[in-house]
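The values are calculated or read from the model by the stated rules, or taken from the named source; none is laboratory data. Just so it is clear, the structure is predicted and the values come from calculations on it, not from any experiment. With ideal geometry, Cβ positions are generated from the backbone for all residues, glycine too; neighbour counts draw on all protein chains shown.
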Amino acid sequence: MRKLPLLNAETRPFWTGGAVGELRMHRCADCTRFFHPPAPVCRHCTSLNVGPTPVSGRGRVLTYTINHQVWTPDLVEPYVVAIIELEEQEGLRFLSNVVNCPPEDVEFGMPVTVVFEQLEDVWIPMFERAAA
């Protein structure tokens, strides 16, 4: 089983947004920049005026690797681990999996959209190829 994240005041909106179909990224109300991972302070301007904001869930595969190692029984190999850059802001990136797509069909720059996998009280954001 995947190791689940610890939910706290900063991280809970990110990990539970999938319950209502939302990918939520922290955004600074002062400089308007998004950032990830969630934190109580903006890493761009150090403002405390930050909070979760729903984003489109659309992005692109910046880079990826195809993993053939079976690390846990629930991860069926091969699987894709990718850095996804969201369309809301250049540099707004995070590590995820590309799913519902044969690993050999994943490409650099491929448009993707978020899907969620629920594990207990956490909704893990993953990505699949966006519809053309």
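What to note about this one:
- Test: residue in segment 42-65 that is small (G, A, S) and under 20 Å from N8 (Cβ atoms): yes
- Flag for P37 being under 18 Å from the mean Cα position of the chain (by Cα), of a type outside the set (G, A, S) and part of a loop (DSSP other than H, G, I, E, B): yes
- Just one of the listed residues (E107, E120, E88) is of a type in the set (D, E), surrounded by 15 or more Cβ atoms within 10 Å (Cβ to Cβ) and touching a residue at least 24 places away in the same chain (Cβ under 8 Å), namely E88.
- Pairs with Cβ under 7 Å, 6+ apart, first in segment 9-35 and touching a residue at least 12 places away in the same chain (Cβ under 8 Å), second part of a helix (DSSP H, G or I) and of a type in the set (F, W, Y): R24/F14
- Residue list for segment 91-103, restricted to those being in contact (Cβ under 8 Å) with a residue 24 or more places away in the chain and either under 15 Å from A130 (Cβ atoms) or surrounded by fewer than 14 Cβ atoms within 10 Å (Cβ to Cβ) (or both): S96, V98, V99, N100, C101
- When segment 77-90 is filtered for residues that are part of a loop (DSSP other than H, G, I, E, B) and either in contact with a Leu (Cβ under 6 Å, 6 or more places away or on another chain) or modelled with pLDDT of 95 or more (or both), the ones remaining, listed by number, are E87, E88, Q89, E90.
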